[in-house]
Amino acid sequence: MANIGPFEVNVGARGGRWRTWLLVIVVTLALTGVLNLEPAWASSLKKAIKKSPEQAISLADHAQFDWDRVHIFGPYSDRDIVDGELEAGTWAGLDTEIELSDSVVLLVFRDGQEVVESHDFRRSHGDLTTCLAPEGLTPQQARFAVKNGGLVLAAE
């Protein structure tokens, strides 16, 4: 048995130390954020926000997959809000912490009636709370400009 914080892990007799250290390294990397679990479009958008504060940023330039509408839900949005705007049962298929957090906004991309992507976008990377669009934005409408440290919908 190996103790990793509050966890006990049975690593067996063979290769016990090696497995223990591997597990410690993987858990440490995951907890420190070195393992990047965000989608490529979110990383790309985050970089564009940092780099281009004076230019409009088109979400379609970063989310390069098929979608015709993006829904942006604010902090503390819950099942009733999301399912009420999208479709009953949508919430169950989303991996989100938005209901309990003010540090993220939820972006849900749809192609027709199908959810093709969703992600909790950290407000510290670009605060989209002034661009909330539970009813959805088309790729042409989903353009943002950086203002006073936050994002606003850019004029078309």
Simple spin-label estimate for Glu38 and Ile25 in nanometres, 7 Å along Cα-Cβ: 2.6 nm
Could you let me know the centre-to-centre spacing of the range 40-71 and the range 83-156, using Cα atoms, in angstrom? 12 Å
Probe 1.4 Å - accessible area at Glu117, Å² to nearest ten: 50 Å²
Note to self: with every protein chain in place and a 1.4 Å probe, the range 52-119 gives an accessible area per residue in Å² of 51 Å²
Heavy atoms only, probe 1.4 angstrom, no DNA, RNA or ligands counted: give me Asp120, Asp66 ranked by accessible area, highest first. Asp66, Asp120
For the pair Gln55 and Thr138, what calculated FRET efficiency results from E = 1/(1 + (r/R0)^6), where r is the Cβ-Cβ distance and R0 = 22 Å, to the nearest 0.05? 0.65
Accessible area in the full protein assembly, largest first, 1.4 Å probe, for His125, His62: His125, His62
Go ahead and run the numbers for FRET between Glu97 and Thr130, Cβ-Cβ distance against an R0 of 22 Å, rounding to 0.05. 0.60
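The values are calculated or read from the model by the stated rules, or taken from the named source; none is laboratory data. Everything numeric in this text was worked out from a predicted model, so none of it was measured. Note that each Cβ is placed from the backbone with ideal geometry, even for glycine, and that neighbours are counted across all protein chains shown. Heads up: the accessible areas ignore ligands, DNA and RNA and are worked out on the full protein's heavy atoms, side chains in. Shrake-Rupley method; radii C 1.70, N 1.55, O 1.52, S 1.80 Å.
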